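The values are calculated or read from the model by the stated rules, or taken from the named source; none is laboratory data. Values in this document were obtained by computation on a predicted structure and should not be read as measured data. We place every Cβ from the backbone using ideal geometry, glycine too, and count neighbours over all the protein chains shown. Only protein heavy atoms, including side chains, enter the accessible area calculation; ligands, DNA and RNA are left aside. Shrake-Rupley method; radii C 1.70, N 1.55, O 1.52, S 1.80 Å.
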Amino acid sequence: MNSSSIGFMQGRLSPVINGKIQCFPTEFWEKEFPLATKIGINKMEWTIDYDGLYKNPLLTKQGQKHINQLVKLHNFKIPSLTGDCFMQMPFWKQTETTQRTKLINDFINICESCYKVNINLIVIPLVDNGSLENHKQKNDLISILLSKLDFIKKLDLQIVFETDLKPKDMYNFIKEFPEENFGINYDIGNSASLNYNPDEEFQYYGKCIKNVHIKDRTKGGTTVELGKGNANFK
């Protein structure tokens with residue numbers, strides 16, 4: 001991996017909002033482009049929350065135009081999006097038909113919006129509120145996404161999952177999807193917090209990893225500065 005492969009998570013160059021370690025920086029998002037360029041980074045992973053979803057510039061025509069202008073102006077790339085909105089309101093857990101349909105339509109709208117600003121990788125977090133708690137939720141998620149496979153292929157999107165599943169369970173889950181358009185987002189800190197063995201993880205599903213979140217966490221704990229947790233960076 002060289003420096004051109006490394007980007008930053010949107011919001012990390014903005015003031016912290018309401019003590020949250022990660023959320024869309026509503027008032028500061030435009031300023032992050034020149035700030036990142038100044039420190040030699042030209043890649044960003046977009047973040048999107050369910051609260052204010054359709055006010056996010058990614059979901060508006062004017063916003064998409066402005067994003068594309070900023071990308072061109074600063075010689076920037078936004079190759080990926082982390083969909084915290086899916087974790088906050090997981091469509092695979094919603095049992096009420098009308099609400100589930102709405103959440104799936106939100107997913108479709110986000111996919112189409114990503115295509116318009118050349119984002120081709122979408123991270124779906126299956127952790128915290130999005131964690132798969134039973135076989136029904138897992139089967140529903142698989143069924144819903146596979147039913148949208150032609151749509152995903154048409155937009156040339158990659159859907160990657162960040163999960164808290166054990167390595168073997170993660171492998172059994174990801175093999176249900178075609179590898180051309182699906183894969184894994186490997187979060188170094190989350191694995192450290194769950195006390196997973198990186199050698200075992202990569203043995204099971206290393207070839208399926210398409211995106212990596214670099215961070216550190218203590219075992220069973222929260223995010224800390226790099227090097228101060230239990231992540232096995234080597």
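Would you mind working out the magnitude of the charge dipole of the chain relative to its Cα centre, with +1 at each Lys and Arg C-beta and -1 at each Asp and Glu C-beta, to the nearest 20 Debye?
Values: 29 positive and 27 negative charges, 101 e Å.
It comes to approximately 480 debye.
From the list [x] 67; [y] 57; [z] 71, can you say which value of percent of Cα pairs over 21 Å apart was derived from the structure given?
Checked against the structure: label [y].
Per residue, how large is the accessible surface of the chain? Use a 1.4 angstrom probe and give square angstrom.
Computed with neighbouring chains in place, this is 54 Å² per residue.
Return the percentage of antiparallel bridges among DSSP beta bridges fully within the chain, rounded to the nearest 5 %.
Beta bridges within the chain, antiparallel portion: roughly 10 percent.
Label points 7 Å out from Cα along the Cβ direction at residue 17 and residue 228: separation in nm?
Label at residue 17, label at residue 228, 2.4 nm between them.
What is the list of residues in segment 70-112 whose amide nitrogen lies under 17 Å from a point 7 angstrom out from the Cα of residue 180, following Cα to Cβ?
Zone members listed by number: none at all.
Could you point to the residue in 189, 44, 230 farthest towards the positive end of the chain's charge dipole, with +1 and -1 charges on the Cβ of Lys/Arg and Asp/Glu respectively?
Value: 44.
Name the most mobile residue of 191, 143, 80, meaning the one with the largest mean-square fluctuation, in a Gaussian network model of the chain with Cα contacts below 10 Å.
Among 191, 143, 80, the largest mean-square fluctuation in the Gaussian network model of the chain belongs to 143.
GNM on the chain, C-alpha springs below 10 Å: top fluctuator among 68, 18, 172?
Largest GNM mean-square fluctuation: 18.
Using a cut-off of under 14 Å, list every residue of segment 90-130 whose amide N is near the label point 7 Å from the Cα of residue 72 along the Cα-to-beta-carbon line.
117-118
Listed here are the pairs 102/154; 31/65; 43/72; 31/72; 55/102; which of them are more than 19 Å apart at the Cα?
In this structure, 102/154 exceed 19 Å between Cα atoms.
Where Lys and Arg each count +1 and Asp and Glu each count -1, what net charge lies around residue 14 among other residues with Cβ under 13 Å from its Cβ? Mind dumping the intermediate values first?
Values: positive: 12, 20, 31; negative: 27, 30, 32.
Net charge in that neighbourhood comes out at 0.
Can you tell which of 47, 98, 223 shows the greatest fluctuation in a Gaussian network model of the chain with Cα springs below 10 Å?
98
Output the pairs from 116/153; 138/215; 93/166 with a Cα-Cα distance over 24 Å in this structure; if there are none, say none.
On the way: 116/153 15 Å; 138/215 27 Å; 93/166 20 Å.
Table pairs above 24 Å Cα-Cα are 138/215.
At 1.4 Å probe size, with the rest of the protein present, what percent of the exposed accessible area of the chain is carbon and sulfur atoms?
Result for the chain: 49 percent of the exposed heavy-atom area is carbon or sulfur.
Would you mind calculating the gained length between residue 60 and residue 194 on full extension (0.36 nm times residue separation, minus the Cα-Cα distance), in nm to one decimal?
Full extension of this stretch gives 44.5 nm more.
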